[in-house]
Amino acid sequence: MKKILIGLSFALFGLQSCDVLDVDPQSFYSENVAYASIENVDFYVTDLYQAFHEYSDIEKPVDVYDDGFSDLLKYSWAAIAPGNQVNKFFYYRQGINADRDFRTKWNQAYWHIRELNEFLVDMHNGLASGLDQNKLAIRVAEVRAIRAFVYQELVKRYGGIVLRISEEKVDDHTDRSKARSSEAECWDFIINELDKAAALLEKMVTRFPSKQDPLFSLLDIYSRQEKYNDVISTLNRLEKRLGKNEQLSMEKFRIYLQMKDDKKAFQEIESLVQEYPMDMRYQVILGDVYLQNGKKQEAYDVYQKVLAAEPDNPMAIFSMASYYKQTGQEELYQQQLDTLLLNKKVTPDTKVGVMRQMIVENEQADKDSTQIIALFDRIMKQEQDDPQIPMLYAQYLLSKNMEAESVPVLEQVVDLDPTNKAARMMLIGAAVKKEDYKQIIKVCEPGIEATPDALEFYYYLAVAYNQAEKPDSVISICKRALEHTTADSKKEIVSDFYSILGDMYHTQKQMKEAYAAYDSALVYNPSNIGALNNYAYYLSVERRDLDKAEEMSYKTVKAEPNNATYLDTYAWILFEKGNYAEARIYIDNAMKSEGGDKSDVIVEHCGDIYYMTGDVDGALTYWKKALEMGSESKTLKQKIEKKKYIAE
């Protein structure tokens, strides 16, 4: 008797499903809807901002994270779980070469340009003429700025490009062969476009002095144009409306440094301290600014002043450590770090932030991981009551391919936070690699209690129980899993639970329940290959519903034409239907496929089919081979002795 063992597969939970009953799609809308109100126009323009996402440092849809170049960033937070995709920037074998760059955005850029042009053409044609024109003008300025940004990114990559800038009509197929403009012409257009947008926004600022949106838009445009005096002027105008705050002051400080006006830069931060003299955070920021710009004594004096007032101030302690680092006082640097990281009064959030910064600095300096690991180990010797530091440590160890070392740390994470699904999945991944079903059970049993809606844990628990030869436990856990499915659960996952139930019922010879479970599996996922194969095979063994069995089995062969198990099932069904010549074709293919000649069941089937096609010598050869392989067939020895096929 043959069956497909439940496989360990991380791919299961990456499947996507599509509900054909979804109604009222919102993917498209008419011009009447888009311009029915200024609120609708806002939604429209907001969607156009996706153009910025195309050129952002982190673009998640393709798993390319180029915001840093370190071992740690080989995995993103979303991708850290075993089986998920890693940061492809580090693994694209042919990602960047003379002919190809996966970061190229030519097609996407012109797609965005077309969308932006459609909006501007609509404005030219008066489709929003019934709306508040002053508010609409701000949106037009935004769209011009976005379009200028997209062209800027294209010119940076390619030099001279095709400028599609008509606002009377959108370019179509008749404009396909339009020539490139020179690089100088392209930059002139971009600058002019930004100037137009800025002029329009300045009018809006004058007309609506209480509104802040135009000022923020101007800030972005002036920054891109490197018009620093205008940036400072705009920041000052925002400060009058919002009051003095850290974000505005830090931006002014940065701009003044760009303008090489160090005096005004430091005066800006000093004025922030004067505005909020009791806020030690701003004092530390001032010290940091001094330290970053070579004024080490001034920085030291500020830090000491803060620590005199607040000895446990984590910002000041860390900044003091940075001071010791920059001044080459390594022993004091380590002492200061310990003061911070081993201080129970310092919040876990702060410690995590410090450790992240330490990791980044360590990677940028191209140092090995021993210093960071030693630091983590010192922290971990303390009693932990929060999972954040252990979780960061585990992620760091995984980034260094130290999976075995990460396991006890991850176990500590789930002890502190039993609902931490990511940590539990990492533990499962490590156990799967070692084929340690006992560890999988140990991890998953408390997992389903802590997070009863996490279907992944039920799945791996069912797999582990199957490996432990506990069919009753497999059935029980699958039933519990199905109790927690909802209308939003992925249909493929629900189907797999029913398929597992079918397999388990079959092992217990509960054929009615097995077939009912397989039927349910195929309702949720008609393409469930495992369910189709097992269902078809078990029907053929009982010599019932052979037409249905053949139809199901044929789907598996079409899906995986080199799968020895599926080919064998289909050959056996044809055998049971008396189609011996066709059965021989498929059993031969099964024997040629990977693993086919290693299965005593398939080898015995091959002998049976050869006998029925008149090849007795061939049949005897395969029957004897199956016996040597340890076949437990009840009739195999009789077949060999009597030199004829005997059905079980």
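The values are calculated or read from the model by the stated rules, or taken from the named source; none is laboratory data. What you see is a predicted model; the values in this text were computed from it and never measured. Note that we place each Cβ from the backbone using ideal geometry, even for glycine, and neighbour counts take in every protein chain shown. These accessible areas exclude ligands, DNA and RNA; they are computed on the full protein's heavy atoms, side chains included. Shrake-Rupley method; radii C 1.70, N 1.55, O 1.52, S 1.80 Å.
Applying the set (1) open to solvent by 50 Å² or more (accessible area, probe 1.4 Å); (2) in a helix (DSSP H, G or I) to GLU193 leaves exactly one unmet item: (1). For segment 383-394, the count of residues that are among the small types (Gly, Ala, Ser), touching a residue at least 60 places away in the same chain (Cβ under 8 Å), buried (at least 18 other Cβ atoms within 10 Å of the Cβ) and in a helix (DSSP H, G or I) is zero.
If you check LYS252, LYS296, LYS240, LYS211 for being of a type in the set (D, E, K, R), more than 30 Å from TYR324 (Cα to Cα) and in contact with a helix residue (DSSP H, G or I) (Cβ under 9 Å, 6 or more places away or on another chain), only one passes: LYS211. Across segment 621-639, the qualifying residues are those that are part of a helix (DSSP H, G or I) and surrounded by fewer than 17 Cβ atoms within 10 Å (Cβ to Cβ), and the one among them that is farthest from the chain's Cα centre (by Cα) is GLN638.
In segment 485-514, the residue that is nearest to PRO452 (Cα to Cα) out of those that are open to solvent by 60 Å² or more (accessible area, probe 1.4 Å), touching a Phe, Trp or Tyr at 6+ places or on another chain (Cβ under 9 Å) and free of Cβ contacts under 8 Å to residues at least 60 places away in the same chain is GLU513.
Looking across segment 167-190, the residues that are open to solvent by 30 Å² or more (accessible area, probe 1.4 Å) and in contact with a helix residue (DSSP H, G or I) (Cβ under 7 Å, 6 or more places away or on another chain) come down to GLU167, GLU168, LYS169, VAL170, GLU183, TRP187.
The set of residues from segment 193-220 being within 39 Å of the chain's Cα centre (by Cα), under 23 Å from GLN152 (Cβ atoms) and not charged (D, E, K, R) comprises LEU194, ALA197, ALA198, LEU201, PRO214, LEU215, PHE216, SER217, LEU218, LEU219. Annotation note: Cβ proximity below 9 Å between a residue of segment 28-47 that is over 13 Å from LEU131 (Cα atoms) and a residue that is open to solvent by less than 50 Å² (accessible area, probe 1.4 Å) and of a type in the set (Asp, Glu) (sequence gap 6+ or interchain) occurs for GLU31/ASP122; VAL45/GLU142; ASP47/GLU115. Within segment 164-190, being in a loop (DSSP other than H, G, I, E, B) and not acidic (Asp, Glu) holds for ARG164, ILE165, SER166, LYS169, VAL170, ARG176, SER177, LYS178, ALA179, ARG180, SER181, SER182. The residues of segment 348-370 that are under 23 Å from PRO408 (Cα atoms) and surrounded by fewer than 12 Cβ atoms within 10 Å (Cβ to Cβ), listed by number, are ASP349, ASP368, THR370.
Taking segment 268-295 as the range and being surrounded by fewer than 21 Cβ atoms within 10 Å (Cβ to Cβ), of a type in the set (S, T, N, Q) and under 14 Å from ASN245 (Cα atoms) as the test, the residues that pass are SER271, GLN274.
Could you please give the count of residues in segment 517-544 that are free of Cβ contacts under 8 Å to residues at least 60 places away in the same chain and either open to solvent by less than 20 Å² (accessible area, probe 1.4 Å) or within 12 Å of GLU492 (Cα to Cα) (or both)? Lay out the reasoning, then the answer.
Just the residues of segment 517-544 that are free of Cβ contacts under 8 Å to residues at least 60 places away in the same chain, to begin with: 517-529, 531-532, 535-536, 538-540, 542-544.
Filter once more, keeping what is either open to solvent by less than 20 Å² (accessible area, probe 1.4 Å) or within 12 Å of GLU492 (Cα to Cα) (or both): 517-518, 520-529, 531-532, 535-536, 538-540.
The qualifying residues number 19.
Under the condition of being open to solvent by 90 Å² or more (accessible area, probe 1.4 Å) and modelled with pLDDT of 85 or more, which residue from segment 19-45 is nearest to ASN117 (Cα to Cα)? Applying the filter and picking the extreme gives PHE43.
The residue of segment 245-275 that is nearest to THR234 (Cα to Cα), among those that are of a type in the set (Ser, Thr, Tyr) and in contact (Cβ under 8 Å) with a residue 24 or more places away in the chain, is TYR256.
Looking only at segment 499-524, residues that are closer than 19 Å to THR565 by Cβ and out of contact with any Cys (no Cβ under 7 Å at 6 or more places or on another chain) come to 10 in all.
Figure legend. Inter-residue proximity from segment 110-135: first residues touching a residue at least 24 places away in the same chain (Cβ under 8 Å), second residues aromatic (Phe, Trp, Tyr), beta-carbon distance below 6 Å, spacing 6+ or different chains. Indicated pairs: LEU127/TYR35; ALA128/TYR35. Criterion first (touching a residue at least 24 places away in the same chain (Cβ under 8 Å) and either within 40 Å of the chain's Cα centre (by Cα) or open to solvent by less than 20 Å² (accessible area, probe 1.4 Å) (or both)) does ILE587 satisfy it? No. Taking the conditions (1) buried (at least 16 other Cβ atoms within 10 Å of the Cβ); (2) within 46 Å of the chain's Cα centre (by Cα); (3) part of a loop (DSSP other than H, G, I, E, B); (4) not basic (Lys, Arg) in turn, GLU594 satisfies each one other than (1).
Pick from segment 447-475 the residues that are surrounded by fewer than 15 Cβ atoms within 10 Å (Cβ to Cβ) and not acidic (Asp, Glu): which of them is nearest to the chain's Cα centre (by Cα)? Here the answer is PRO452. Considering only segment 411-429, how many residues are surrounded by fewer than 20 Cβ atoms within 10 Å (Cβ to Cβ) and part of a loop (DSSP other than H, G, I, E, B)? Selection size over segment 411-429: 3.
When PRO408 is tested against the conditions (1) assigned to a helix (DSSP H, G or I); (2) open to solvent by 60 Å² or more (accessible area, probe 1.4 Å); (3) within 20 Å of ASP385 (Cα to Cα); (4) touching a residue at least 12 places away in the same chain (Cβ under 8 Å), the lone failure is (4). Among the numbered conditions (1) within 30 Å of SER476 (Cα to Cα); (2) among the hydroxyl-bearing types (Ser, Thr, Tyr); (3) surrounded by fewer than 17 Cβ atoms within 10 Å (Cβ to Cβ), the only one that TYR437 does not meet is (3).
Within the set of pairs 6 or more residues apart or between chains, which connect a residue that is acidic (Asp, Glu) inside segment 306-335 to a residue that is open to solvent by 70 Å² or more (accessible area, probe 1.4 Å) with Cβ atoms less than 6 Å apart? From residues that are acidic (Asp, Glu), the pairs are ASP312/LYS345. Sort out which residues of segment 395-405 are of a type in the set (S, T, N, Q) and buried (at least 17 other Cβ atoms within 10 Å of the Cβ), and write them in order of number. Scanning segment 395-405 gives GLN395, SER399.
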